[in-house]
Each structure stands twice: as structure tokens, then as C-alpha cells.
Amino acid sequence: DYMKKLKVGVICYPTLGGSGVVATELGMKMAERGHEMHYISSGRPFRLMDVHPNIHFHEVIIDGYAVFKYPPYDIALANRIAHVIQKEKLDLLHVHYAVPHAISAALAKDMAKSDIGVITTLHGTDVTILGHDPALKNTVRYGIEKSDIATAVSESLRQETFSLIEPEKEILTIYNFIDEEKYKPVHPGSLKKDLGINENDKVIIHVSNFRSVKRISDIIDSFKTIRKEINSKLLLVGTGPEKIEMMEKAKREGLANDIIFTDKRDDLPELLAISDLMFLLSEKEAFGLVLLEGFACGVPAIATNIGGIPEVIEDGENGYLVELGDVESAADKALWLLQDPVKHKLFQENAMRTVHQKFDSASIVAQYEELYYKVAELK
Ligand code: GMT
């Protein structure tokens, strides 16, 4: 019955980069379609600030911190999920991450003596990192197999999950999407000047959580070559474990004046509006959501030929692919593009077209909605 509006429990890490963004944007779209979305998590999802009457929060609180070396979050979460399943009469659960969330969902079902359907979406870190740990591999498999439907955010992640985890379960690929209302070409006002960038400088941008998998060091090495050839600035947006070391590296390389560390920002569309090119040279990336954010704002990208990135970047159309660690090739390709305005314009147009054709939010949300109805009927 497609007219029936559903009550969905969503379990995610609200503040964890791409997966948190996708989980919250999807919830917003579902809420707009009339479904009642119940977020069960440790905090308020960070991009879900605009309150919609169909969105509800159930915070997981852990008592007894002092007793345990590790606070038992996964169990507290299961307890909360079980409670919400019963109290709100949920129709299904949508779980982001096999470990730990699909495990908590399985436990919650059992605790609540419920036959509620579960969809688990794999985002990458759970499979590509945890899946290599023999102690966790079986747990990831258990989480996937306990779900009624598993999805992966790229074809690459789907295949990697099969080869690493060998689950006896079909996995569907449903690509990520971005909010096209938010990510679009905007007027940046005086932002370029405010950041101390000259009008004629080319701007390269990288946005991430500064984990070591992002290989920011490679970005700086590549930028060093670019900087020798053209007037340019590198914008490093975000924060995380590698930040201090990267600031030191920038100084050591004599690039302190040309690399701007902005910290976390809320004005990404404006920052992208002053950017000519994005760099994403990660060693692991199941999808690379930030590439779509850039594309939607007309920023082509240079990125590594790994994981799900080649499903987003069409080499020579909306950006260039380089092999992991090949910082010279990244610099060469960046220079071709930045020094050829005609080609750059074409890449910008292709980038925007990629978002609207291959990653159109309406069609991706519809794919999830179809699965929601399918799983809700199992009950
Ligand atoms: O990459 C991160 O540091 C964050 C991580 C997450 O769990 O949010 O991102 C993963 O999920 C994103 C959304 O599906 C993908 O766009 C990222 O590629 C993926 N990260 C990795 O696979 C390393």
C-alpha cells in the first residue's frame, strides 16, 4: 500500500562525515514525503537542524560510565531501539553501518520480540576497515545477514563486501546523493578577499575529516608543484587527527602563506564558489560524497582511482583520476585544467550534469522508499 505513510527508525552516527550527511538528508526527504522519521542516536544529527514536524529524536544516554572501562553504547542503543519500536510502533529500521548498528538492531528486535524489518546501508569504513580485522569480520557478516536488505553506496563497496566478508545475502547498490537545493552555484560575496586570496589566484579545495586515509600530505606535495607554475592557493577545510601535522608540513615546505586551513565551516557552497578545482587523493573511499558536493557547485575534481571514486569521476570528463600516491600526475592534470579556461568550463558543465543525471536525489530517494515499503510489508 504505497499511500500508507511509514514510521521509520533511523540509526546513524550523526557527526561522522558522509554517512551522517546521507542519513540526515535522506531523513529530511522522507519526512517531506510524509513519513515519520525517528532518529535514535547519541546526539542530534548535525545537518538536521531545521526542525521538520515529521522528524523525531530519541537520544541514547548511557548511565554507569564509572563502572565500565568502555561505556556499553551498542547495548544502550539496542535498549533504546527496542523501546522506540514498541512505543512508536515503527514499521521498519534503517541502519547505517553494519558494525555496530546492525548488531544493535538485531539485539533490539530480539529484546522487543518484534519482527520489524531492517535495512542496513554499508558506507565503507565498516567494511573496508573492520572487515580486515579477523575479530570483527564475522560480526560484520552477522550484521549484514541479520538484515532483511543490505545496500552499499557504490558498486565497488558492494563487490569489496562480497570478497572480504562473503555474506550470504544479496546487496543492492544505491548511490549517495546531495541536497541540490543547498549545493548549487552561489554568489560568494567577498569571501575570496576575506580569506586573503588574490582575485587572480586559482583556488584548489579539499574538504575532509583529516583522517590519515585522506592522504592530505599527498595533496600538499602535489600543490607544491602547482604553486611553482601558477599563482594559486590551497584551501584545506575541516579538522581531524592529521591537522596539526599538516600545518607543520605546510610551514616546512615554505607554503604557509599559500595553504589556508579554514577549520570546519558551514558555508561550503560559498567556499566551493571561489574554488576552481577539488582534490581528493584518499587511499580508501567507498564513494567520496564531497566530490558530489563540489560537482553540484561546478567544481571539477582530481581524485585517486580507488574504491567508489571511479563511479563518480569520469576521467577526462568531469575530472581526472590518478593512481594512489602519484602526486606529480595529480599536479600535471591540475595544471592542464587550470591553464585551459575552455576545458575547465566544459568540465564544470559535465560535473553539474553528473549530479543531475547519475546522482539525482529524487530518483535515489525513490529507490530507498521502494525498499522501505518492501521491508515494511514483511512485518
Ligand atoms: O570517510 C570518512 O572519513 C567518513 C565515512 C563515514 O562513515 O561517513 O565516509 C564513508 O561514507 C561516505 C558516505 O557514504 C562515503 O562517501 C565515504 O567514501 C566513506 N569513506 C570511506 O570509505 C573511507
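The values are calculated or read from the model by the stated rules, or taken from the named source; none is laboratory data. Because the structure is a prediction, the values reported are computed rather than measured. Cβ: placed from backbone, ideal geometry, glycine included. Neighbour counts: every protein chain shown.
Quick notes on this structure:
- Every pair of residues 6+ apart whose Cβ atoms lie under 6 Å, when the first sits in segment 261-285 and is closer than 23 Å to VAL327 by Cβ while the second is of a type in the set (S, T, N, Q) and assigned to a helix (DSSP H, G or I): LYS284/THR128
Residue by residue, here is whether (1) surrounded by fewer than 24 Cβ atoms within 10 Å (Cβ to Cβ); (2) closer than 29 Å to MET246 by Cα; (3) among the polar types (S, T, N, Q) holds:
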position: ARG265; (1), (2), (3): yes, yes, no
position: ALA296; (1), (2), (3): no, yes, no
position: GLY316; (1), (2), (3): yes, no, no
position: GLU323; (1), (2), (3): yes, yes, no
position: GLU328; (1), (2), (3): yes, yes, no
position: ASN350; (1), (2), (3): yes, no, yes
position: GLU369; (1), (2), (3): yes, no, no
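- Residue within segment 50-72 that is aromatic (Phe, Trp, Tyr), on the phi > 0 side of the Ramachandran plot and either modelled with pLDDT under 90 or assigned by TED's automatic domain parsing to the domain that holds GLY18 (or both) present: no
- Which numbered condition ALA366 fails, given (1) closer than 30 Å to LYS109 by Cβ; (2) in contact (Cβ under 8 Å) with a residue 60 or more places away in the chain; (3) not charged (D, E, K, R): (2)
- Within segment 1-35, the set of residues being in contact with a helix residue (DSSP H, G or I) (Cβ under 8 Å, 6 or more places away or on another chain), more than 15 Å from ASN176 (Cα to Cα), among the charged types (D, E, K, R) and outside any loop (DSSP other than H, G, I, E, B) comprises just one member, LYS7.
- Taking (1) more than 15 Å from the ligand (Cβ to nearest atom); (2) in a helix (DSSP H, G or I); (3) among the hydrophobic types (A, V, I, L, M, F, W, C) in turn, VAL118 satisfies each apart from (2).
- Among the candidates ALA76, ALA102, the residue that is part of a helix (DSSP H, G or I), over 18 Å from ALA23 (Cα atoms), small (Gly, Ala, Ser) and modelled with pLDDT of 90 or more is uniquely ALA76.
Rundown of residues vs (1) modelled with pLDDT under 95; (2) in contact with a helix residue (DSSP H, G or I) (Cβ under 7 Å, 6 or more places away or on another chain); (3) under 25 Å from ARG211 (Cα atoms); (4) within 15 Å of the ligand (Cβ to nearest atom), yes/no style:
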| site | (1), (2), (3), (4) |
| --- | --- |
| SER275 | no, no, yes, no |
| LEU280 | no, yes, yes, yes |
| GLY288 | no, yes, yes, yes |
| GLU293 | no, yes, yes, yes |
| ALA330 | no, yes, yes, no |
| LYS345 | no, no, no, no |
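- Residue identified as within 26 Å of THR125 (Cβ to Cβ) and of a type in the set (Lys, Arg) among LYS251, LYS224, LYS284: LYS284
- Qualifying positions in segment 199-222 - on the phi > 0 side of the Ramachandran plot and either outside the structural domain of ILE302 (by TED's automatic domain parsing) or more than 10 Å from the ligand (Cβ to nearest atom) (or both): ARG215
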